[in-house]
Amino acid sequence: MTKTIAVFGGTGAQGGGVVRHLLGRKAFGVRVITRNPQSKAAASLAEQGCEVAPGDLADSATLKKALQGVHGVFLVTNFWDPATAGKEHEQGTAAVKAARESGVRHLVWSTLPNCREISGGRYEVVHFTNKARVDKEVEAAGFPYHTFVEAPMYFQNFAGMMAPQPQGDGSKLWAFPMAADNRCIHGGDIDDLGKLVARVFEEPETAGKGQRLSVTPGAMSWQDMMDVLNAQGHRIRYARMPDADFDNLPFPGAAELREMMNYWEEFTYFGPDAETKIARAKALVAGGLTSFEDWARDNMKP
Ligand code: NAP
């Protein structure tokens, strides 16, 4: 009988990549857990061969049924959903408990470094630390196999909310509260996380013993990325924005992102053990991870 992997966030970026690569490799059946099984995204996944099951991380009573009979779980929580923001630890813990009670054998948790511990309490990046706090619950649950994967800053952000801003003269501007030349940004194509997670479920003996895997081709600075883009025909320049100006930008979460960038500048995105965690992830993905050059050529037109 084919083993099934339940995927949270299958209608989104991280889980969507996991679903794509699990379906592509055909080693497992896929059950997408969604709050809205009637959505277009869920219907499209059903057409591609996924089972679609209702489940809401904010309603723990729905989780055990959603996870019934599955072999593995990919778990991601969504800080940026207003209903979730401060509740990632609560939601992650509820899902871990439900998975354990349902007899799940391999749990893969999408986490991020614990900025609070790494910085000795100087940086409070809620969407990093509240994910990291779930790690202890995963460790304590006693799954036969468990894996921690750390998502990069998505390259996809540069074609969306972090796109360089047109200046009216054909040039574009990136303005962030960071030095241009600090090589501390661990970015990546979020589809690569799916590629890695599919391999992790196939290789529990080498990747399911509590390993921490960070998904990125390597650290870059804003200057590195501008050099790549400008060589591809863009005209982008960079200006360092004062912290207070960034905090006052009119979007929710500006101060959270500024705090995150302050943390990156001192410790890098994936933190002090980044190189070990990155090497482990790379070793599992045949053909390597997508470079910024390759991703930008296909996804950011001058
Ligand atoms: P996304 O594309 O915005 O999609 C959100 C997904 O989460 C949807 O599939 C949604 O499913 C699911 N979801 C939300 N609330 C849920 C709930 N209560 N119960 C069940 N499912 C729920 O999200 P994403 O980018 O894949 O993941 C978001 C996470 O990535 C955030 O926590 C963020 O901190 C982290 N992250 C982001 C970046 C970045 O650069 N953007 C980098 C590292 C980590 P339905 O709507 O179908 O229910």
Quiz item: How far apart, in nm, are the 7 Å Cα→Cβ label points at Ala41 and Ala140?
Solution: 3.1 nm
Self-check item: Whole-Hz ³J(HN,Hα) from phi, Karplus 6.51 cos²θ - 1.76 cosθ + 1.60, for the stretch 137-145, glycine and proline x
Solution: 5, 5, 4, 6, 5, x, 5, x, 9
Quiz item: How high is the FRET efficiency between Met161 and Met1 when r is their beta carbon distance and R₀ equals 41 Å, given to the nearest 0.05?
Solution: 0.45
Self-check item: Whole-angstrom gap from the stretch 72-98 to the stretch 23-48, using each part's C-alpha centre
Solution: 19 Å
Self-check item: Nearest-10 value in Å² for the accessible area of Trp80, using the 1.4 Å probe
Solution: 130 Å²
Exercise. Compute, for Arg212, the solvent-accessible surface of its heavy atoms (probe 1.4 Å) with the complete set of protein chains present, and express it in square angstrom to the nearest 10.
Key: 60 Å²
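With +1 on each Lys and Arg Cβ and -1 on each Asp and Glu Cβ, how big is the dipole of the chain about its Cα centre, in debye rounded to the nearest 20? Mind dumping the intermediate values first?
Details: 33 positive and 36 negative charges, 182 e Å.
Dipole of the chain, to the nearest 20 debye: 880 debye.
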Quiz item: Using modelled backbone amide H atoms (1.01 Å from N, in-plane), which distant-in-sequence or interchain residues come within less than 5 Å of Phe176's amide H?
Solution: Ala239, Met241
Exercise. Report the one residue of Val73, Leu284, Pro166 whose Cα lies farthest in the direction of the positive end of the charge dipole of the chain (charges on C-beta: Lys and Arg +1, Asp and Glu -1; origin at the Cα centre).
Key: Val73
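For the chain, which whole percent of the accessible surface, found with a 1.4 angstrom probe, sits on carbon and sulfur atoms?
On the way: 6610 of 13150 Å².
Answer for the chain is 50 percent, counting heavy atoms of protein chains only.
Can you say what percent of the DSSP beta bridges in the stretch 145-270, counting only those with both residues inside, are antiparallel? Round to 5.
Working: 5 of 16 bridges.
Restricted to the stretch 145-270, the bridges split so that about 30 percent are antiparallel.
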Quiz item: So how tilted is helix 88-101 from the main axis of the chain? Cα-based, degrees 0 to 90, rounded to 10.
Solution: 30 degrees
Exercise. Give the residues of the stretch 205-240 whose amide nitrogen is closer than 18 Å to a point set 7 Å from the Cα of Leu173 in the direction of its Cβ.
Key: 222-223, 226, 235-240
Quiz item: What FRET efficiency, computed as 1/(1 + (r/R0)^6) with R0 = 22 Å and r the Cβ-Cβ distance, is obtained for Asp56 and Lys26, rounded to the nearest 0.05?
Solution: 0.15
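Rounded, prolate or oblate for the stretch 200-302? Axes are the square roots of the Cα gyration tensor eigenvalues, ordered a ≥ b ≥ c, and the cut-off for rounded is a/c under 1.5. Intermediate results must be reported in sequence, preceding the final value.
Working: a/c = 2.54, a/b = 1.41, b/c = 1.80.
Cα axes put the stretch 200-302 in the oblate bin.
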Quiz prompt | Accessible area of the chain divided out per residue, in Å², using a probe of 1.4 angstrom | solution = 44 Å²
Practice problem: Calculate the spin-label point distance for Asp243 paired with Glu266, positioning each point 7 Å from the Cα along the beta-carbon direction, and give it in nanometres. | Solution: 0.9 nm
Quiz prompt | From phi via Karplus (6.51, -1.76, 1.60), per-residue ³J(HN,Hα) for the stretch 265-280 in Hz, x at Gly/Pro | solution = 4, 8, 10, 6, 4, 8, x, x, 9, 4, 4, 5, 5, 5, 4, 4
Practice problem: State the three equivalent ellipsoid semi-axes of the chain, derived from the C-alpha gyration tensor as the square roots of 5 times its eigenvalues, in descending order and whole Å. | Solution: 33, 21, 19
Self-check item: Radius, Kirkwood style, for the stretch 20-161 when every pair of distinct Cα atoms is counted (Å)
Solution: 16.2 Å
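How far, in nm, would the chain grow between Asp273 and Gln232 when pulled straight, counting 0.36 nm per residue and subtracting the alpha carbon separation? Don't skip to the answer; put the middle values down first.
Details: separation 41, 0.36 × 41 = 14.76 nm, distance 3.24 nm.
11.5 nm is the gain from fully extending Asp273 to Gln232.
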Self-check item: Degrees, to the nearest 10: 222-231 long Cα axis against longest axis of the chain
Solution: 80 degrees
Quiz prompt | Length gained when the stretch Ala286-Arg183 is fully extended (0.36 nm per residue, less Cα-Cα span) | solution = 34.5 nm
Exercise. At a Cα cut-off below 18 Å, give the lysines reachable from Lys64, other chains included and same-chain residues fewer than 8 away excluded.
Key: Lys3, Lys97
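The values are calculated or read from the model by the stated rules, or taken from the named source; none is laboratory data. Keep in mind that what you see is a predicted model, and the values were worked out from it rather than measured. Every residue, glycine among them, receives a Cβ derived from its backbone with ideal geometry; neighbour counts consider all protein chains shown. To get the accessible areas, we keep the full protein, side chains included, count just its heavy atoms, and leave off ligands, DNA and RNA. Shrake-Rupley method; radii C 1.70, N 1.55, O 1.52, S 1.80 Å.
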